[in-house]
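The values are calculated or read from the model by the stated rules, or taken from the named source; none is laboratory data. Note that the structure is predicted; figures quoted are calculated from it, not measured. Methodologically, a virtual Cβ is constructed for each residue, glycine included, from the backbone with ideal geometry; neighbour enumeration extends over all protein chains shown.
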Amino acid sequence: SANAGELEKGLGDLFTQPGQKAVVDMEKLDYISSAGLRVVLMLAKRARQTSGRLLLSCLAPSVREVFEISGFLKIIEVATTTEVAVTALA
């Protein structure tokens with residue numbers, strides 16, 4: 001979708017250097033498409049390849065359910081709040 005493309009473009013510079021860390025606050029997201037899932041998976045994969053770390057925060061229940069059903073919660077770190085995520089990366 002268009003938003004997935006914007007997300008990919010906006011986060012394209014993440015994990016281009018070793019050891020980078022990032023929190024993606026998903027509070028305003030109430031739906032995620034397969035294209036959005038692909039972008040998140042790509043970021044997680046790039047983080048892993050560069051010894052970086054990606055955390056998602058503030059997932060709405062409907063979005064969290066999609067991550068759960070798709071198995072993404074097993075491979076992507078999720079925090080309840082952005083503050084918790086930032087602390088976890090410190």
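For the range 1-59, the tally of residues that are at pLDDT below 95, part of a loop (DSSP other than H, G, I, E, B) and touching a strand residue (DSSP E or B) at 6+ places or on another chain (Cβ under 6 Å) stands at 2. In the range 77-88, the residue that is nearest to ILE32 (Cα to Cα) out of those that are surrounded by fewer than 19 Cβ atoms within 10 Å (Cβ to Cβ) and touching a residue at least 24 places away in the same chain (Cβ under 8 Å) is GLU77.
Annotation note: Cβ proximity below 6 Å between a residue of the range 7-30 that is surrounded by 16 or more Cβ atoms within 10 Å (Cβ to Cβ) and a residue that is basic (Lys, Arg) (sequence gap 6+ or interchain) occurs for PHE15/ARG46; LYS21/ARG53.
Within the range 60-72, not a single residue is out of contact with any Pro (no Cβ under 6 Å at 6 or more places or on another chain), surrounded by 12 or more Cβ atoms within 10 Å (Cβ to Cβ) and on the phi > 0 side of the Ramachandran plot. In the range 38-48, is there at least one residue being free of Cβ contacts under 8 Å to residues at least 12 places away in the same chain and surrounded by fewer than 17 Cβ atoms within 10 Å (Cβ to Cβ)? The answer is yes, given that some residue of the range 38-48 is free of Cβ contacts under 8 Å to residues at least 12 places away in the same chain and surrounded by fewer than 17 Cβ atoms within 10 Å (Cβ to Cβ). Residues that are surrounded by fewer than 18 Cβ atoms within 10 Å (Cβ to Cβ) and either of a type in the set (Gly, Ala, Ser) or within 15 Å of ASP25 (Cβ to Cβ) (or both) within the range 49-59 comprise just one, SER51.
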